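For reference, the structure discussed in these notes is given below.
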Amino acid sequence: MEFRKLGIVGGGFMGRSIAQKVASNGINVVVVEVSEEIARQSRNELMASLDEELKKWGITKSEKQVILGRVQFVADLGALAATDILIETVTEELDLKKGVMSRLGGICPPDRIFITNTSTLSISEIAAASGRPDRVIGMHFMHSVQTSPIVELVRASDTSNETLATAVAFARVLDKIVIEVTEYPGYVVTRTLLPLLNEAMHVVMEGVASAEDVDLAVSLGYESKVGPLEYADRVGLDVVLGWMEHLFRELGDVKYRPCPLLRKMVRAEHLGRKTGRGFFTYEGFQRTPAPRAEVAR
């Protein structure tokens with residue numbers, strides 16, 4: 001199965017990350033944003049991300065140019081009609097995602113497959129808004145899209161076998177290992193990860209250990225590349241809070257009730273790496289050497 005051009009709705013962090021991964025695997029990409037100004041901003045942020053990869057010797061200058069040459073940022077949703085497959089990566093809000101699916105359903109040919117990238121939301125509800133629920137499937141890409149070897153493939157109530165097969169083929173083109181998931185709040189990764197993040201935050205809030213030492217203990221103790229608090233910072237503390245609130249509403253289990261420290265930090269707009277301050281402090285994509293405990297408390 002050949003994929004020549006991918007359409008992405010939403011040029012935020014996840015949309016750009018998927019675009020970079022797809023382009024590096026030889027597929028052209030059209031990323032649609034809400035305005036020309038935001039489209040230009042998204043392109044600039046992709047360039048900044050590639051420059052970071054260049055500094056770390058992750059890519060070469062020629063690879064950077066090839067990736068940029070394959071990714072187009074526009075503000076016209078109609079440009080997606082000529083793509084082979086579509087992914088929406090807009091903010092994790094059910095009504096917003098349903099609205100995007102409804103608009104795509106009216107623009108794209110009836111045989112076009114839509115993928116929704118979500119960590120917690122109901123694929124069936126999102127799919128119903130498209131007018132073609134049999135041709136909608138969920139794909140939950142992990143942070144970071146470039147290096148994570150897996151993707152969760154979430155089949156909705158009406159997802160057809162053909163749609164599932166196409167999504168599996170697409171994942172394999174991106175060199176991803178597919179984890180097939182039955183639709184249920186949080187799926188596998190988010191559902192199992194959030195209690196760990198939440199408990200790590202409680203440990204810091206209760207003064208048991210500093211954020212620095214909590215991450216050191218967990219990352220070394222469980223042979224993880226990154227600790228739970230730094231992971232939360234990378235994802236965005238507002239995003240993590242949204243995940244927890246959704247699962248707490250859906251499942252009613254207290255293990256998903258957000259830690260008060262998380263709420264406090266989000267209210268202060270200390271959202272993690274994207275704002276330069278969360279449980280740790282950051283300059284660009286890099287964590288600064290300031291003691292994490294001083295930042296978190």
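Can you confirm whether N44 is of a type outside the set (V, I, T) and surrounded by 15 or more Cβ atoms within 10 Å (Cβ to Cβ)? For N44, the condition - of a type outside the set (V, I, T) and surrounded by 15 or more Cβ atoms within 10 Å (Cβ to Cβ) - is not met. For segment 100-121, which positions are crowded, with 20+ Cβ neighbours inside 10 Å and of a type in the set (S, T, N, Q)? Those that are crowded, with 20+ Cβ neighbours inside 10 Å and of a type in the set (S, T, N, Q): T116, N117, T118, S119, T120. Does A81 satisfy being in contact with a helix residue (DSSP H, G or I) (Cβ under 9 Å, 6 or more places away or on another chain), surrounded by fewer than 16 Cβ atoms within 10 Å (Cβ to Cβ), of a type outside the set (S, T, N, Q) and within 18 Å of G10 (Cβ to Cβ)? When the stated conditions are applied, A81 passes them.
Condition check ((1) at pLDDT 95 or above; (2) outside the structural domain of E93 (by TED's automatic domain parsing); (3) within 20 Å of L94 (Cα to Cα)) across all residues:
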| site | (1), (2), (3) |
| --- | --- |
| E199 | yes, yes, no |
| A209 | yes, yes, no |
| Y222 | no, yes, no |
| K225 | no, yes, no |
| V235 | no, yes, yes |
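Among the residues examined, T159 qualifies as more than 16 Å from G7 (Cβ to Cβ), buried (at least 22 other Cβ atoms within 10 Å of the Cβ) and either touching a residue at least 60 places away in the same chain (Cβ under 8 Å) or not small (G, A, S) (or both). Reported count of residues in segment 169-204, each being touching a strand residue (DSSP E or B) at 6+ places or on another chain (Cβ under 9 Å), assigned to a helix (DSSP H, G or I) and closer than 12 Å to E152 by Cβ, is 3.
Within segment 79-100, residues that are free of Cβ contacts under 8 Å to residues at least 40 places away in the same chain sit with their Cβ atoms under 9 Å from residues that are of a type in the set (D, E, K, R), at 6+ positions apart or across chains, in these pairs: A81/R112; L94/E125; K97/E88; K97/E125; K98/E125. For segment 153-164, the criterion of being in contact with a His (Cβ under 7 Å, 6 or more places away or on another chain) and not assigned by TED's automatic domain parsing to the domain that holds R267 is met by at least one residue. When we screen I87, I38 for residues that are under 25 Å from R135 (Cβ atoms), assigned by TED's automatic domain parsing to the domain that holds I126, surrounded by 14 or more Cβ atoms within 10 Å (Cβ to Cβ) and not aromatic (F, W, Y), the only hit is I87.
Selection of segment 123-147 for residues being closer than 21 Å to G12 by Cα and not hydrophobic (A, V, I, L, M, F, W, C) yields G138, H140, H143, S144, Q146, T147. For segment 274-288, the candidate set comprises residues that are touching a His at 6+ places or on another chain (Cβ under 9 Å) and not small (G, A, S); within that set, the residue that is surrounded by the most Cβ atoms within 10 Å (Cβ to Cβ) is F279.
Just one of the listed residues (D134, D95) is part of a helix (DSSP H, G or I), over 22 Å from W243 (Cα atoms) and of a type in the set (D, E), and it is D134.
Annotation: I59 fulfils all but one of (1) in a loop (DSSP other than H, G, I, E, B); (2) in contact with a strand residue (DSSP E or B) (Cβ under 8 Å, 6 or more places away or on another chain); the unmet one is (2).
Restricted to segment 98-131, and to residues there that are part of a loop (DSSP other than H, G, I, E, B) and among the β-branched types (V, I, T), the residue that is nearest to the chain's Cα centre (by Cα) is T118. Considering the conditions (1) acidic (D, E); (2) touching a strand residue (DSSP E or B) at 6+ places or on another chain (Cβ under 8 Å); (3) closer than 19 Å to M142 by Cα, E93 is excluded by exactly one of them, (2).
Of the candidates K97, K55, the single residue that is out of contact with any Ser or Thr (no Cβ under 8 Å at 6 or more places or on another chain) and either surrounded by fewer than 19 Cβ atoms within 10 Å (Cβ to Cβ) or within 20 Å of S35 (Cα to Cα) (or both) is K55.
The values are calculated or read from the model by the stated rules, or taken from the named source; none is laboratory data. Remember, it's a predicted structure, so these values are computed and weren't measured experimentally. With ideal geometry, Cβ positions are generated from the backbone for all residues, glycine too; neighbour counts draw on all protein chains shown.
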